[in-house]
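Student: Attaching a single structure in C-alpha cells format; questions to follow.
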Amino acid sequence: AQKVTQAQTEISVVEKEDVTLDCVYETRDTTYYLFWYKQPPSGELVFLIRRNSFDEQNEISGRYSWNFQKSTSSFNFTITASQVVDSAVYFCALSPRSNYQLIWGAGTKLIIKP
Amino acid sequence: DTGVSQDPRHKITKRGQNVTFRCDPISEHNRLYWYRQTLGQGPEFLTYFQNEAQLEKSRLLSDRFSAERPKGSFSTLEIQRTEQGDSAMYLCASREGAGSSTEAFFGQGTRLTVV
C-alpha cells in the first residue's frame, strides 16, 4: 500500500513557539520523493520542499526545517519561532517512482495565535 | 509565465445544471492533474493527462465527470447534472517531465457550490 499519514489534525500554538508537523509514509518503492505543501486561507497549494529517498540530510530554510528518517518512514516539518503568517493547512505528499500520482496526507491545520 | 491559472474562481449552480471549468497549466509542463478537495481533506485525485492523453481517471469518479486536454495545453473539466455532493474546490496542477521527482504547481482552484 502507498499511503501518507498526518496524524495531527490541528495544532494551535502561541506565536514564537516552535512547532513540528508529523508525516509518516508507506511505500514499497525504493525510489520515491516526498513533498511538503502549504495551503493558506486563500486556497492555493504552495510547494515548500522536495526530498528524494536517497538523501537523508536534514534541510533548513530560514525558520523551516525538515527531518527525513527512512528508518521510521517519517518526514517531519518544524517551524521555529512561529509567526501568525504561518497559519495554514500543511500537506505532506509522496511521489513513488512506480506511480505518476502524488499521494496526499489529510493535512494538518496549524493555528498560530498572536 | 505566471503559473497555473483556473477559471472561474467561484461557481454557484443549481442542482442538475452542467458546469465546465478551465485550467491553463505552466506552458512547458506536459503533465496535468485535476483534484477535488473538500473541507478538512487532502486533494483527491480525479484525472491525469500526459500531453493530450488522458492516462488515468479515478474509479471513484462518476460518468458525470469528463475532462479533456485537446492540444496538450489547457484542460477543461465538465460536470454534468450536478449534485449537491459535487460542491467542493476543484484544483488543477501541472508538472514538468515524466518522472516522480518534480513538484506539482497548483492553480488557485475553482470553488463549486451546488444549490
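The values are calculated or read from the model by the stated rules, or taken from the named source; none is laboratory data. Values in this document were obtained by computation on a predicted structure and should not be read as measured data. Note that each Cβ is placed from the backbone with ideal geometry, even for glycine, and that neighbours are counted across all protein chains shown.
Student: Taking segment A:55-114 only, how many residues are assigned to a loop (DSSP other than H, G, I, E, B) and more than 14 Å from chain B (Cβ to nearest Cβ)?
Tutor: Qualifying residue count for the region: 12.
Student: Looking for whichever is more than 11 Å from chain A (Cβ to nearest Cβ), under 10 Å from the mean Cα position of the chain (by Cα) and within 30 Å of A:PHE54 (Cβ to Cβ) here; the options are B:LEU32, B:LEU77. Which one fits?
Tutor: B:LEU32
Student: Give B:GLN17, B:GLN37, B:GLN84, B:GLN80 a once-over and let me know the one that is at pLDDT 90 or above, in contact with a strand residue (DSSP E or B) (Cβ under 6 Å, 6 or more places away or on another chain) and surrounded by fewer than 16 Cβ atoms within 10 Å (Cβ to Cβ).
Tutor: Going through B:GLN17, B:GLN37, B:GLN84, B:GLN80 in turn, the sole match is B:GLN84.
Student: I've got another one for you. If you go through segment A:59-101, how many residues are in contact with a Pro (Cβ under 8 Å, 6 or more places away or on another chain) and closer than 21 Å to B:SER101 by Cβ?
Tutor: 1
Student: For residues in segment B:80-96 being more than 14 Å from chain A (Cβ to nearest Cβ) and not hydroxyl-bearing (Ser, Thr, Tyr), which is farthest from A:LEU45 (Cα to Cα)?
Tutor: B:ARG81
Student: Quick check on this structure: which one of A:GLU17, A:GLU44 is touching a Ser or Thr at 6+ places or on another chain (Cβ under 6 Å) and either hydroxyl-bearing (Ser, Thr, Tyr) or assigned to a loop (DSSP other than H, G, I, E, B) (or both)?
Tutor: Of A:GLU17, A:GLU44, the one residue that is touching a Ser or Thr at 6+ places or on another chain (Cβ under 6 Å) and either hydroxyl-bearing (Ser, Thr, Tyr) or assigned to a loop (DSSP other than H, G, I, E, B) (or both) is A:GLU17.
Student: Here's another thing I want to ask about it. Looking only at segment B:89-115, which residues are surrounded by fewer than 20 Cβ atoms within 10 Å (Cβ to Cβ) and over 26 Å from A:ARG50 (Cβ atoms)?
Tutor: Answer for segment B:89-115, where residues must be surrounded by fewer than 20 Cβ atoms within 10 Å (Cβ to Cβ) and over 26 Å from A:ARG50 (Cβ atoms): B:ARG111, B:THR113, B:VAL114, B:VAL115.
Student: Assess whether B:SER62 counts as being small (Gly, Ala, Ser) and within 27 Å of A:PHE47 (Cβ to Cβ).
Tutor: No: the conditions fail for B:SER62.
Student: Another question about this same structure. Could you tell me how many of the residues in segment A:10-37 are surrounded by 13 or more Cβ atoms within 10 Å (Cβ to Cβ), within 11 Å of chain B (Cβ to nearest Cβ) and closer than 20 Å to A:VAL84 by Cα?
Tutor: Of the residues in segment A:10-37, 2 are surrounded by 13 or more Cβ atoms within 10 Å (Cβ to Cβ), within 11 Å of chain B (Cβ to nearest Cβ) and closer than 20 Å to A:VAL84 by Cα.
Student: Restricting attention to segment A:1-26, report how many residues are in contact with a helix residue (DSSP H, G or I) (Cβ under 9 Å, 6 or more places away or on another chain) and closer than 16 Å to A:ALA106 by Cα.
Tutor: Residues in segment A:1-26 being in contact with a helix residue (DSSP H, G or I) (Cβ under 9 Å, 6 or more places away or on another chain) and closer than 16 Å to A:ALA106 by Cα: 1 in total.
Student: Hey, any hits in segment B:97-114 for a residue that's in contact with a helix residue (DSSP H, G or I) (Cβ under 7 Å, 6 or more places away or on another chain), assigned to a strand (DSSP E or B), modelled with pLDDT of 90 or more and farther than 18 Å from A:VAL46 by Cα?
Tutor: yes
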